[in-house]
Amino acid sequence: MAPPRNRAQDDHQGRGKGRTGRGQPDGRALLTDPLSNKGVAFTQEERERHGLVGMLPPAVLSLELQARRAWEQLRAQPDDLAKNVYLEQLHDRNEVLYFRLLCDHLTELLPIVYDPTVGEAVKRYSHEYRRPRGVYLSIDRPQDIRPAFQALGLGPDDVDLLVATDAEQLLGIGGMQLAVGKLAVYTAAAGIHPGRAIPVMLDVGTGNQALLNGPLYVGNRHNRVRGEAYDSFVAAFVEAVGELFPQALLHWEDFGPGNGRRILQQYGEKICTFNDDMQGTGAITLACVMNAARVTGTPMRDQRIVVFGAGTAGVGIADQLRDAMVRDGLDRGMHGSPVLLADGADPFTPPGQPPSRD
């Protein structure tokens with residue numbers, strides 16, 4: 001797949017597709033805007049037009065040559081976390097080159113920009129922090145939700161996708177790195193233009209005492225807020241997104257099993273929304289089970305399944321398996337559940353009753 005075009009490329013060839021309503025920067029500002037910067041790929045004509053004369057080495061290198069050099073630099077990094085940091089630094093200065101590299105080496109780099117390396121990057125987020133990316137919303141200042149999005153200068157038709165997380169599973173403001181990584185997958189694998197997608201961190205605090213005690217922690221320094229205040233914060237966020245970006249998909253990422261399901265049930269019929277941990281993982285697992293049922297000749301309604309692990313993904317898997325059984329003729333009122341969740345804190349829990357654990 002071809003990498004996404006940046007705004008400088010769109011301008012040069014007279015195309016507006018992928019533009020987000022923000023003005024084209026010039027001079028030094030152009031070189032520091034990751035969506036527009038092309039590095040030494042700017043031609044002499046473009047350098048003169050955009051006020052870049054003398055700001056770059058004289059040679060003009062193609063995107064292919066820049067990607068080759070970036071790949072060599074990446075391979076020289078000592079471990080996967082260092083490779084993740086290198087890629088995010090590239091992401092911060094030249095998105096077209098970043099996505100070209102990612103698309104050229106998707107198999108090798110997906111484990112670097114997302115699972116499993118992103119988990120370590122989340123833990124190290126405050127220590128590796130270099131520049132902001134996306135929108136950071138604090139439960140302590142819900143009045144900032146709408147102004148934060150308006151400050152982006154984006155219109156109602158300029159956004160296709162938002163990935164929002166409260167990082168309940170991974171804990172802490174480092175969850176923003178998870179949202180950024182997920183959007184990178186959307187762009188590299190599905191072609192979503194990075195200028196039309198927004199990562200969002202819903203910072204409601206953290207229960208990780210080590211983070212709270214760390215002098216470099218950049219998130220809210222208090223325990224996670226729950227209950228009515230949490231629900232009101234999420235409601236204000238959903239309302240603002242629905243009004244400002246009515247055509248966008250709202251993707252929920254890394255919410256705990258209780259909140260993840262509850263939010264999906266509350267807003268699933270009101271807005272265009274999707275929970276990857278529950279629905280994405282559940283759909284893939286359901287496809288596998290349905291194929292197994294077809295091969296063995298045993299109907300879905302006659303299956304008896306234990307899901308080991310009652311986190312958000314486990315609950316989503318159990319929900320979809322149970323719903324498929326009902327569609328296949330299972331009596332909802334039957335005694336006992338055909339799908340059980342096995343969890344360390346609550347060994348067997350029927351779907352619909354997530355284990356009561358933090």
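Odds and ends about this structure:
- Largest-first ellipsoid semi-axes for the range 252-307, taking √(5λ) over the Cα gyration tensor eigenvalues, angstrom: 28, 11, 10
- Applying Stokes-Einstein at 20 °C and 1.002 mPa s to the Kirkwood radius of the range 82-209, computed over alpha-carbon pairs, gives a translational diffusion coefficient of 141 µm² s⁻¹.
- Given charges at Cβ of Lys, Arg, Asp, Glu: the range 167-275 dipole, positive-most of Gly227, Val241, Ala197: Ala197
- Net charge dipole, the range 63-114: roughly 140 debye, given to the nearest 20, about the Cα centre with Cβ charges of +1 for Lys and Arg and -1 for Asp and Glu.
- When +1 charges are put on Lys and Arg Cβ atoms and -1 charges on Asp and Glu Cβ atoms, the dipole computed for the chain relative to its Cα centre reaches about 440 debye.
- Selected from Trp71, Cys288, Asn84, residue furthest toward positive end of dipole (the chain; charges at beta carbon): Trp71
- Charge sum, other residues only, whose C-beta stays under 15 Å from Ile317's C-beta, Lys/Arg counted +1 and Asp/Glu -1: -2
- Loop-located GluC sites (Glu not before Pro) in the range 198-270 whose Cβ has at most 13 other Cβ within 10 Å (DSSP): Glu269
- A convex hull fitted to the Cα coordinates of the range 17-128 yields 136 cubic angstrom per residue.
- Extension gain, Glu269 to Glu48: 0.36 nm times the residue separation minus the Cα-Cα distance gives 74.4 nm.
- Dipole magnitude for the range 195-297: computed about the Cα centre from +1 point charges on Lys and Arg Cβ and -1 point charges on Asp and Glu Cβ, it is near 220 debye.
- Largest GNM mean-square fluctuation across Ala235, Ala164, Ala121, computed for the chain with C-alpha springs under 10 Å, falls on Ala235.
- Convex hull of the chain built on C-alpha atoms - directionally averaged projected area, nm²: 20.8 nm²
- Bridge orientation summary for the chain: considering DSSP beta bridges with both residues in this region, about 5 percent are antiparallel.
- Summarising the amide proton neighbourhood of Val135: residues at separation of 5 or more, or on other chains, whose placed amide H is nearer than 5 Å comprise Val200, Met201.
- Simple spin-label estimate for Gln143 and Ala59 gives 5.5 nm between the two label positions (7 Å along the Cα-to-Cβ direction from each Cα).
- Calculated FRET value between Asn213 and Glu72, using beta carbons and R₀ = 51 Å, to 0.05: 0.80
- Centre separation in Å (Cα based) which lies between the range 294-314 and the range 98-142: 33 Å
Where a number appears in this text, it was derived from the coordinates with a stated rule and is not lab data. Everything numeric here is computed off the predicted structure, so don't read it as measured data. A quick note on method: Cβ atoms are made from the backbone with ideal geometry, for glycine too, and the neighbour counts reach across all protein chains shown.
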